[in-house]
Amino acid sequence: MTNILRTQNLTKTYQGKEAVNSVNMNIKQGEIYGFLGPNGAGKTTVMKMITNLVKPTYGEIEFFGEKMTERSYEMLKRMGCIIEYPVFYDKLTAKENLILHGEYMGYYDKQAMGEALELVKLTGIDNKPVKQFSLGMKQRLGIARAVMTKPELLILDEPINGLDPLGIKEMREVFRMLSQEYGMTLLISSHLLAEIEQIADTIGVIREGVLLEEVAMQTIRGGNTEYIELITNESSKAVYVLEH
Ligand code: ATP
């Protein structure tokens, strides 16, 4: 598999303090990359640099083998992202929110909207005002909004945070669909290993701005020769056995 996204020595310093320190990340095309780390580890900052919201202090980002700059607008169109909670007009229906966003951004397409709503299983309730939606429904609507342009890389910052078990299950199904049916590459951050270990193909572990591990889950799910510890915080700790 080829890399869709690669970072080299990606670094961000705020007021002399390194929030992200020399991160070399490799995300393969078509995979689900779980970006794991405790609060404050630097996950959002990495995502903001990838999506051009924040300028790196140092380092490079390559997307489809091409170096990204502040003006890589065409490349950015091939990405979709939801950083933290998606925001909507509460009094408008789900559909009206998507139409408004699509028209404002200049890419409204009725068919693409219908497909996106179906994908996140909101067809049938898309005429309800968003204020009646649960957090999980809002997250899924956020995904529908982000995938209307059919991005090749979808970046989701803590999309499972705060969801109940049913919401988590539904969200995982959406991830699987996006990956398997649409061939989309997903970068999903979480501070809980249990939330992403079942769906991720690769897990990157970040702590205090440093990418400690980048592990293929296929390796982890296999044999028994080497121990690897993925620790995010005390409530989310796992020891895996690596096969060689
Ligand atoms: P969380 O899940 O809590 O958002 P995170 O892993 O996404 O955690 P970041 O939000 O990227 O972590 O933060 C990494 C570090 O950078 C933290 O110490 C944070 O306080 C700091 N930081 C982030 N944004 C800024 C900013 N705009 N100015 C100063 N410091 C910042």
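The values are calculated or read from the model by the stated rules, or taken from the named source; none is laboratory data. The model shown is predicted, which means the values in this text are computed figures rather than measured ones. Using ideal geometry, Cβ is built from the backbone for each residue, glycine included, and neighbour counts are taken over all protein chains shown. Quick note on the areas: whole protein, heavy atoms, side chains included, nothing else; ligands and nucleic acids left out. Shrake-Rupley method; radii C 1.70, N 1.55, O 1.52, S 1.80 Å.
Counting only helices (runs of 4 or more DSSP H) wholly contained in segment 135-228, the ones carrying 1 or more residues that are out of contact with any helix residue (DSSP H, G or I) (no Cβ under 7 Å at 6 or more places or on another chain), farther than 16 Å from Ile27 by Cα and within 16 Å of the ligand (Cβ to nearest atom) occupy 193-196.
Summed over segment 191-208, the residues that are open to solvent by less than 10 Å² (accessible area, probe 1.4 Å) and in contact with a Ser or Thr (Cβ under 8 Å, 6 or more places away or on another chain) give a count of 3. Gln111 passes all but one of (1) under 20 Å from Thr51 (Cα atoms); (2) open to solvent by 30 Å² or more (accessible area, probe 1.4 Å); which number fails? Against the list (1) under 20 Å from Thr51 (Cα atoms); (2) open to solvent by 30 Å² or more (accessible area, probe 1.4 Å), Gln111 comes up short only on (1). Please indicate, with yes or no, whether at least one residue in segment 21-41 is within 12 Å of the ligand (Cβ to nearest atom) and under 20 Å from Glu152 (Cα atoms). Yes, there is a match, as at least one residue in segment 21-41 is within 12 Å of the ligand (Cβ to nearest atom) and under 20 Å from Glu152 (Cα atoms).
Reported count of residues in segment 1-37, each being open to solvent by 40 Å² or more (accessible area, probe 1.4 Å) and among the small types (Gly, Ala, Ser), is 2. Taking the criterion of being touching a residue at least 12 places away in the same chain (Cβ under 8 Å), open to solvent by 40 Å² or more (accessible area, probe 1.4 Å) and in a helix (DSSP H, G or I), the only residue of segment 122-134 that qualifies is Lys131. Screening the candidates Gly40, Gly59 for the property of being open to solvent by less than 70 Å² (accessible area, probe 1.4 Å) and on the phi > 0 side of the Ramachandran plot yields one hit, Gly59.
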